[in-house]
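Following: one structure in structure tokens, then a few remarks.
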Amino acid sequence: MPPWQRAVLKVGSSLLSDGQGGLGKRNAAALANMIARFREQGREVLLVSSGAVAAGRGLLSSTRAGLVQRQALAAIGQTPMLALWQGLAQQPVAQVLLSHDDLRNRRRYLNARATLRELLRIGALPIVNENDTVAVDELRLGDNDNLAAVVASLVDADVLLIATDTAGLYTGHPGNDPAAVPVPRIEEITPDIMLMAQGGAGSLGTGGMYTKLEAATKTAAAGIDTALFCGHDTDTIAALADDRLHGTFIPAHGDRLVARKMWLRHTPPSGGAIRIDAGAAEALSEQGASLLPGGVVSVEGDFNRDAMVDVLPAEGYRRLARGLVQYQSTDLQRIAGCHSSEIEGVLGFNNCHSVIRREDMVLLSAAAAAATPELFMETC
């Protein structure tokens, strides 16, 4: 595996089953140990876990499969699914329920992003799941693979790890084709590659290899690698903890930083602006620094935290940069010109030492170096 610092791990329903309709610990324990190993190495993991509907069905021995019944089963099964991971994890777990609608709405997208980043910062294990109790189209599609891809883009992950029932992608369905062999690496997901993935999901799942390749297509375009591996094989899981993949690797075909900057460049603005002094402007352009409160001269407009704002010089209207601000406009006005160490004394809290972090900013003097914004927004 290439070096990475932050990963999203997606685990499907079949890996969490005990074979009798309930939740089992065997596979989950091995995956939890792998997460603990990653944490010892100073790396971060977010978990996208299926299993709530299957857990609810096991508790009630329900055989009904209508939409409303599955939504109710998801509500019942969330608690035991979360309890399973908390009993195995070596860090606090935090449940985050999302739907694709949450991630299409800009304000909710930014709120989810800020929450997940904060959970990682404080050392928690975010367990993300689709909000099946209220989802309609998403629940019918069974799209946790694609949800994991969106979460990977949301948190700027380096890699998406997808635990499957098999050793990655095969040239044919391994249960039906005795000549099928594993595919260790896919440079590009073509229509022929997608044909290899046809065959559907297991009895407990709602996705399949096809949706996993769909997810990999999205992450690759966003500059994020994807690894498919067998979540039933403890040796494979142990090897992955040492960065050795026994499965299928799908490398990114886009630059993650460029993709991120492209998103920042074309995200709709809030109408707000921050004016900065000459020293701050030089630090941004020459040193690649974050924008600190000491360089802020004035604040224009009314905006909330995580709003997209323009960065302007003290005088004039030539935009120097734009980025996601860490403080709402009224708070930023109060700390303008202050040293970062003074923020908490002025406001009573400290969201961040920076007004705009370098990773959340794009300089507008540099030429764009990525695909069209329309293509990127579709993949992200």
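The values are calculated or read from the model by the stated rules, or taken from the named source; none is laboratory data. Just so it is clear, the structure is predicted and the values come from calculations on it, not from any experiment. In this analysis, Cβ positions are derived from the backbone assuming ideal geometry, glycine residues included, and neighbour counts consider all displayed protein chains. Quick note on the areas: whole protein, heavy atoms, side chains included, nothing else; ligands and nucleic acids left out. Shrake-Rupley method; radii C 1.70, N 1.55, O 1.52, S 1.80 Å.
Exactly one condition in (1) at pLDDT 95 or above; (2) within 18 Å of the chain's Cα centre (by Cα) is not met by TYR109; state its number.
Failed condition: (1).
Given the residues ARG121, ARG140, which is the only one that is surrounded by fewer than 17 Cβ atoms within 10 Å (Cβ to Cβ), modelled with pLDDT of 85 or more and not β-branched (Val, Ile, Thr)?
The conditions single out ARG121.
How many residues, within segment 150-168, are modelled with pLDDT of 85 or more and in contact with a Leu (Cβ under 6 Å, 6 or more places away or on another chain)?
Looking only at that region, the number is 7.
Tell me which residues, restricted to segment 2-21, are assigned to a loop (DSSP other than H, G, I, E, B) and surrounded by 17 or more Cβ atoms within 10 Å (Cβ to Cβ).
Within segment 2-21, TRP4, GLY12 qualify.
Is it the case, given these coordinates, that LYS25 is of a type in the set (D, E, K, R), open to solvent by less than 30 Å² (accessible area, probe 1.4 Å) and touching a residue at least 40 places away in the same chain (Cβ under 8 Å)? If you could, list the steps in order and put the result at the bottom.
Values: of a type in the set (D, E, K, R): yes; open to solvent by less than 30 Å² (accessible area, probe 1.4 Å): no; touching a residue at least 40 places away in the same chain (Cβ under 8 Å): yes.
Taking the combined requirement at face value, the residue does not satisfy it.
If I filter segment 169-191 down to residues being open to solvent by 50 Å² or more (accessible area, probe 1.4 Å) and β-branched (Val, Ile, Thr), which single residue comes out as modelled with the lowest pLDDT?
Per the stated criteria, the residue is THR171.
Which residue out of ASN33, ASN27 is closer than 23 Å to GLY208 by Cα and modelled with pLDDT of 90 or more?
Only one candidate passes the filter, namely ASN27.
Suppose the filter is open to solvent by less than 60 Å² (accessible area, probe 1.4 Å), modelled with pLDDT of 85 or more, among the hydroxyl-bearing types (Ser, Thr, Tyr) and touching an Asp or Glu at 6+ places or on another chain (Cβ under 7 Å); does THR211 pass it?
yes
For segment 313-323, which residues satisfy the criterion of being out of contact with any strand residue (DSSP E or B) (no Cβ under 6 Å at 6 or more places or on another chain) and not basic (Lys, Arg)?
PRO313, GLU315, GLY316, TYR317
Sort out which residues of segment 45-58 are over 15 Å from ALA148 (Cβ atoms), open to solvent by 10 Å² or more (accessible area, probe 1.4 Å) and either β-branched (Val, Ile, Thr) or in contact with a strand residue (DSSP E or B) (Cβ under 8 Å, 6 or more places away or on another chain) (or both), and write them in order of number.
VAL53, ALA54, GLY58
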